[in-house]
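Heads up, the thing below is written out as structure tokens.
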């Protein structure tokens with residue numbers, strides 16, 4: 001029996017998923033209504049797969065996924081969402097999400113998704129397939145210099161401009177020039193977004 005934790009703040013979705021899993025070899029062992037609660041429940045239940053809504057209070061599904069990966073937790077994660085914007089989708093792929101399913105898709109696709117994820121495969125809703133290709137193509141066309149990649153790595157660590165300047169042996173003004181160049185190339189709008197999406201722009 002494959003144990004599932006579902007995090008979604010809509011009781012109707014919780015009920016629908018519970019009903020869908022009845023009679024299958026998947027068992028819904030716990031639910032959560034927020035991102036913060038999801039992390040607590042996941043720690044307590046140690047499920048085989050977790051299903052996360054993208055839009056939740058107190059830390060959305062992307063936040064929970066990011067926290068799990070930051071903790072080196074490779075738990076299989078499926079995002080079940082009404083909608084997902086390009087930045088969220090790109091970050092989810094960077095964080096090695098295992099599945100993404102739209103709520104308006106055929107309910108049977110959730111079981112297909114879970115089957116694939118359980119086998120170690122990645123499953124993306126067919127309606128999002130073209131966005132996967134676009135995200136991949138976009139990342140391939142971003143060409144950062146070695147120094148710019150080093151800068152991105154330091155920003156991801158949360159370092160301030162002054163500390164980065166000392167690390168690189170340049171002035172703070174030069175760091176700002178590098179940052180502006182990275183923003184232009186990647187399309188991010190601030191340091192926070194750059195830190196969150198750094199994995200998209202750095203080699204594995």
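Quick notes
- Segment 21-39: number of residues that are closer than 21 Å to residue 81 by Cβ and touching a strand residue (DSSP E or B) at 6+ places or on another chain (Cβ under 9 Å): 12
- Residues in segment 6-31 that are under 17 Å from residue 76 (Cα atoms) and within 20 Å of the chain's Cα centre (by Cα) were compared, and the one that is surrounded by the most Cβ atoms within 10 Å (Cβ to Cβ) is 7.
- Considering residues of segment 60-87 that are under 20 Å from residue 189 (Cβ atoms) and not in a helix (DSSP H, G or I) only, the residue modelled with the highest pLDDT: 60
- Residues that are within 19 Å of residue 71 (Cβ to Cβ) and assigned to a loop (DSSP other than H, G, I, E, B) within segment 1-59 comprise 34, 46, 47, 48, 56, 58, 59, listed in sequence order.
- Being surrounded by fewer than 21 Cβ atoms within 10 Å (Cβ to Cβ) and within 12 Å of the chain's Cα centre (by Cα) holds for only one residue in 44, 3, 66, and it is 66.
- Qualifying residue in segment 88-95 (condition: surrounded by 16 or more Cβ atoms within 10 Å (Cβ to Cβ), outside any helix (DSSP H, G or I) and without any contact (Cβ under 8 Å) to a residue 60 or more places away in the chain): no
- Selection within segment 171-190 - surrounded by 15 or more Cβ atoms within 10 Å (Cβ to Cβ) and either part of a helix (DSSP H, G or I) or out of contact with any helix residue (DSSP H, G or I) (no Cβ under 6 Å at 6 or more places or on another chain) (or both): 174, 175, 178, 179, 181, 182, 183, 185, 186
- Considering only residues in segment 88-106 that are closer than 12 Å to residue 68 by Cβ and at pLDDT 90 or above, the one that is nearest to the chain's Cα centre (by Cα) turns out to be 97.
The values are calculated or read from the model by the stated rules, or taken from the named source; none is laboratory data. This is a predicted model, so every value here is computed, not measured. Neighbour counts are summed over all protein chains in view; Cβ atoms, including those assigned to glycine, are modelled from backbone coordinates with ideal geometry.
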